[in-house]
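Undergrad: This is the structure, below, for whatever I ask next.
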Amino acid sequence: MSIWYKSFTPSDAQQRSKGTMIQHIGVEFTEVGDTFLRATMPVDDRTVQPFRILHGGASMALAETLGSMAANYVVNPDTHYCVGLDINGNHIRAARSGKVTGTATPLHLGTSTQVWTIEIRDEEDRLICISRLTMAVLALNK
């Protein structure tokens with residue numbers, strides 16, 4: 001059973017990201033499953049820190065991008081929207097090149113909050129970062 005309010009594609013998510021930081025750092029949405037959203041991000045000049053490893057802030061940007069985008073596809077966009085309340089991350093290992101892949105899956109989908117887990121892995125499927133994102137579900141004031 002799908003968690004999404006209505007079906008969408010990676011291309012739909014990519015379109016919503018045009019002209020934002022998401023586009024600037026090279027995030028590409030790659031897969032929508034019944035209960036997850038996945039995207040990649042390059043490990044390059046836009047996303048590394050001075051020691052030439054993936055910047056922790058870039059990992060958090062990917063995590064929040066995935067969780068926030070996913071959260072907003074769960075709710076009815078005519079009546080609600082979601083914003084981040086809290087994010088944390090544990091940086092497990094360094095990534096030095098290639099791409100990392102993030103996958104957001106829900107832990108809790110409530111009427112006022114959502115909690116998402118985002119795993120970021122390297123091209124060898126090694127865990128780079130694990131993050132938890134709490135989202136507020138807010139009523140759209142029209």
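Undergrad: Direction-averaged shadow area of the convex hull around the Cα atoms of the chain, nm²?
TA: Working: hull surface 33.7 nm².
The Cα convex hull of the chain, projected and averaged over all directions, gives 8.4 nm².
Undergrad: Now for a different question. Count neighbours as other Cβ atoms within 10 Å of each site's Cβ, and list the GluC sites (Glu not before Pro) in the stretch 90-124 that are DSSP loop with at most 13 such neighbours. Please list the in-between numbers first.
TA: On the way: sites: GLU119, GLU123, GLU124; in loops: GLU123, GLU124.
Answer in residue order: GLU123, GLU124.
Undergrad: Only Cα pairs within less than 10 Å get springs; with that Gaussian network setup on the chain, which residue of SER97, SER68, SER59 has the largest fluctuation?
TA: The residue that fluctuates most here is SER97.
Undergrad: Would you mind checking the tilt of helix 56-74 against the longest principal axis of the Cα atoms of the chain, expressed as 0 to 90 degrees and rounded to 10?
TA: 20 degrees
Undergrad: Hey, if you put +1 on the Cβ of every Lys and Arg and -1 on every Asp and Glu Cβ in the stretch 10-139, which of VAL27, PHE51, GLY89 ends up farthest toward the positive end of that dipole?
TA: Result: PHE51, furthest along the dipole toward the positive end.
Values quoted throughout were computed directly from the atomic coordinates according to the rules given, and no laboratory measurement underlies them. Given the structure is predicted, the values throughout are model-derived calculations rather than measurements. Positions of Cβ are backbone-derived with ideal geometry, glycine not excepted, and every protein chain shown enters the neighbour counts.
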